[in-house]
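The values are calculated or read from the model by the stated rules, or taken from the named source; none is laboratory data. What you are looking at is a predicted structure, and each value in this text was computed from that prediction instead of being measured. Note: ideal-geometry Cβ built from the backbone for every residue, glycine included; neighbour counts use all protein chains shown. These area figures cover heavy atoms from the full protein model, side chains too; ligands, DNA and RNA do not enter into them. Shrake-Rupley method; radii C 1.70, N 1.55, O 1.52, S 1.80 Å.
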Amino acid sequence: MAKVVGLRCRECGRDYPVEPLHVCEFCFGPLEVIYDYEEIKKTISREKIERGPKSLWRYIDLLPVERPRVGLSAGFTPLKRAKKLGEVLGLKNLYIKDDSVNHPTLSFKDRVVSVAISKAIEFGFDTAACASTGNLANSVASHCAQAGLNCYVFIPANLETQKIFGSLVFNPTVVAVEGTYDDVNRLCSEIANDLGWAFVNINIRPFYAEGSKTLAFEVVEQLGWRAPDAVVVPAASGSLYTKIWKGLKELKEVGLIDSVSTRMYGAQAEGCSPIAQAWKEGRDFIKPVRPNTIAKSIAIGNPADGIYALQTTRESGGDWETATDEEIVEGIKLLAETEGIFTETAGGTTVAVLKKLVERGLIDPEELVVAYITGNGYKTLEVLEGHMKEPVRIKASLKDFKDKVLARV
Ligand SMILES: *Cc1c(COP(=O)(O)O)cnc(C)c1O
Ligand SMILES: [Zn+2]
């Protein structure tokens, strides 16, 4: 695979071969996939991509797998011009990147997992696993079912019922751990080494994380090959946020766009905002927190890519903002009522944070802004209880309809 040079430690720069490794043996820094952009540049072109499959696999030249093995229709989700939401927020060129309808499990995680499981198959694993806040478990379970791999997913025991069912239906072994996501992740890191399984977000993490770049590639292509002026991205571990930035820079590196001056804005729930807090306090290190928020899909108290996310913010001229649980619910409802898109709590966080960024004057009304909606609202129905109008209950009679429904308007 000439396009991939190998893995490199983000801290000390030591090189490693393409293997299921994720930390440097010398300094414990995380490993990153390194590409030969000069080589890729020779064959990649806008036309070649546009002729490719209508999935994230059209960008395979910039992904660390030889060929897709599973998840063949992940990605290539709609980029919606959000006129009505833009009017409410005071933005004239707002777009929604809508991964609430990603295939097959309705969140952005189908991007990272289709890449990770394809890589796991390339490596010859017969069992895949993950530590998850919910969406990752759904996606890993589905992709393992597709590929015929044994599957173990580890989740915090208090997840939303819909997210637990959304894993169980694929018949993996679901391990519900009493504790937070960070407890689950620590447990998985301890067991990952011994088992010879492909833990998608542990020993396969460098490959897994690359799938997130496709959320940058697609937006740029869908905008007619230009990078947005600003994007808003919900952050848990901070991986998606940093990889969107990496993806944008790669497009410039291989000559598909001339310039990138996108400001990267990060969104976190106030009840779990270790990266946003570090940014606001001007720290370059993360203080882990104990999550307390309805936004469970992005509730990671000790974010693995937190410090790299802060670097991305500095490099791109971005910023961070947080949303309370109440504002998150308002964000979910606002997006639904203006654009007809039903997102989960992470998307509600994006919308609520975008509103605050505009209010703070950080985004100009004329700028081209993309808000990333990363998951589907049907998975977190319970957070809406008590926040919407009740159905009008009537008997099956014309009179009741007139008295109870028409009389109201
Ligand atoms: C996992 C997830 C994210 C972001 O995750 P990172 O760990 O920051 O890459 C955002 N939104 C949703 C819905 C997710 O499931
Ligand atoms: Zn190192």
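Remarks
- Volume in Å³ per residue [convex hull over Cα atoms, computed for the stretch 116-229]: 132
- Accessible area of the stretch 261-409 divided out per residue, in Å², using a probe of 1.4 angstrom: 48
- Look at where the Cα atoms of the stretch 370-389 and of the stretch 73-97 average out, and the two centres are 17 Å apart.
- Descending semi-axes in whole angstrom, ellipsoid equivalent of the stretch 1-43, from the Cα gyration tensor: 22, 10, 6
- Built amide H within the under 5 Å cut-off of V175, gap 5+: V153, F154, I155
- A protection proxy built from the mean count of other Cβ atoms within 10 Å ranks the segments 111-119, 165-173, 270-278, 394-402, most packed first, as 111-119, 270-278, 165-173, 394-402.
- In loop segments of the stretch 277-384 as defined by DSSP, the chymotrypsin sites (Phe, Trp or Tyr not before Pro) with at most 15 further C-beta atoms inside 10 Å of their C-beta are F285.
- Angle of helix 109-123 to the longest C-alpha principal axis of the chain, folded into 0 to 90 degrees and rounded to 10: 30°.
- In the structure shown, the pairs K41/K243; K97/K163; K252/K280; K246/K333; K243/K280 are assessed against 26 Å; a Cα-Cα span above that value is assigned to K252/K280; K246/K333.
- Shown here for the stretch 1-88: chymotrypsin sites (Phe, Trp or Tyr not before Pro) in loop regions (DSSP other than H, G, I, E, B) with at most 12 other Cβ atoms within 10 Å, namely F26, F28.
- Mean-position separation - Cα centroids, the stretch 1-65 and the stretch 189-210, in angstrom: 17
- Within the stretch 60-126, GluC sites (Glu not before Pro) in DSSP loop having at most 14 other beta-carbon neighbours inside 10 Å: E66
- Across the stretch 1-144 the C-alpha pair distances fall into 10 Å bins from zero in the proportions 11, 29, 34, 20, 6, 0 percent.
- Convex hull (Cα only) mean projected area of the chain, reported in nm² to one decimal: 21.3
- From most to least packed by mean Cβ count within 10 Å, the peptides 287-299, 199-211, 11-23, 130-142 give 130-142, 199-211, 287-299, 11-23.
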